[in-house]
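> Got a structure for you, questions after.
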Amino acid sequence: MVHKATKIIANKLREQNLKFDIQESGDVSGVILGTVEDGIQLQYRMLSQDENNDVSIYTNEFVQYPPNKKDFGLRQINEFNKNYRFAKFVMDPDDGAVHVEYFIPMSIGDAEVGDAAVEAMIRLVQIIKDAYPQMMKSIWS
C-alpha cells in the first residue's frame, strides 16, 4: 500500500521536476531519488509506515571508514550528531560505512508534509556537503 505521505511527497517532487521512484514493501512505502552534489553520489529514501505522515529520510552509505579509523570515525560522527540537531549520522559497526537519517515529526499535516520532506532533503544535502570533507580528510590522513 502506498501511504498518503508518500503520495504527497511524490506530488511535491513532480512539481520540482525531480525524477524518483515509488516503492512499497509490506507496511512501508517510500519515494526514492538520487542526486550528485559536489561529487558525492547520494540516494534518499523517504519512507512512511502509516497514514499519519510519519516520514523518515535515509541516505545511502556515502563514506566508509577503514578498520584502523573506525574509532576516530565514531568520535567524529558523534560530534556531527551534536552539531546537527535533526540529522543523525550512523556508522555500521561491521564495515565502518556511514549514512544519515532525518525524521519529520508525525504531527505535521497533509498540507505541510511534502514541503517538509523537500526541505529536509535540501538540509541533508547541505549537512553532508559540510561534513563530507572533514570525514574524507580524517580517512586520508
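Quick note: the coordinates plus some simple rules give every number you see, no bench work behind them. Computed from a predicted structure; not experimentally measured. Ideal geometry is used to build each Cβ from the backbone, glycine not excepted, and the neighbour counts take in all protein chains shown.
> Quick one: what are the phi-derived ³J(HN,Hα) couplings along segment 127-138, Karplus 6.51/-1.76/1.60 with θ = phi - 60°, whole Hz, x for glycine and proline?
4, 5, 4, 6, 7, 3, x, 5, 5, 5, 4, 5
> May I ask you to list the trypsin sites (Lys or Arg not before Pro) in segment 1-72 that are in a DSSP loop and have at most 13 other Cβ atoms within 10 Å of their Cβ?
When the trypsin sites (Lys or Arg not before Pro) of segment 1-72 are filtered for loop state and at most 13 Cβ neighbours within 10 Å, K19 remain.
> State, in angstrom, two size descriptors of segment 4-140 derived from its alpha carbons: Rg to one decimal place and Dmax to the nearest whole number.
Radius of gyration, then largest Cα-Cα span, for segment 4-140: 15.5, 47 Å.
> Would you mind working out the magnitude of the charge dipole of the chain relative to its Cα centre, with +1 at each Lys and Arg C-beta and -1 at each Asp and Glu C-beta, to the nearest 20 Debye?
440
> Also, I was wondering about something else. So what is the calculated 222 nm ellipticity per residue for the chain, using -39500 (n - 2.57) for each DSSP H run with n of 4 or more, over all residues, to the nearest 500 deg cm²/dmol?
Taking each H run of at least 4 residues, the total per residue is -14000 deg cm²/dmol.
> Okay, moving on. From the residues L124, I32, N53, which one has its Cα farthest along the dipole of the chain in the positive direction, the dipole being from +1 and -1 charges on Cβ of Lys/Arg and Asp/Glu about the Cα centre?
L124
> Quick one: Cα centre-to-centre distance for segment 8-74 and segment 126-141, in angstrom?
Spelled out, the Cα-based centre of one part sits 19 Å from the other.
> Moving on to the next point. I'd like the FRET efficiency for I32 and K129, computed as 1/(1 + (r/R0)^6) with the beta carbon distance as r and R0 of 30 Å, rounded to 0.05.
0.90
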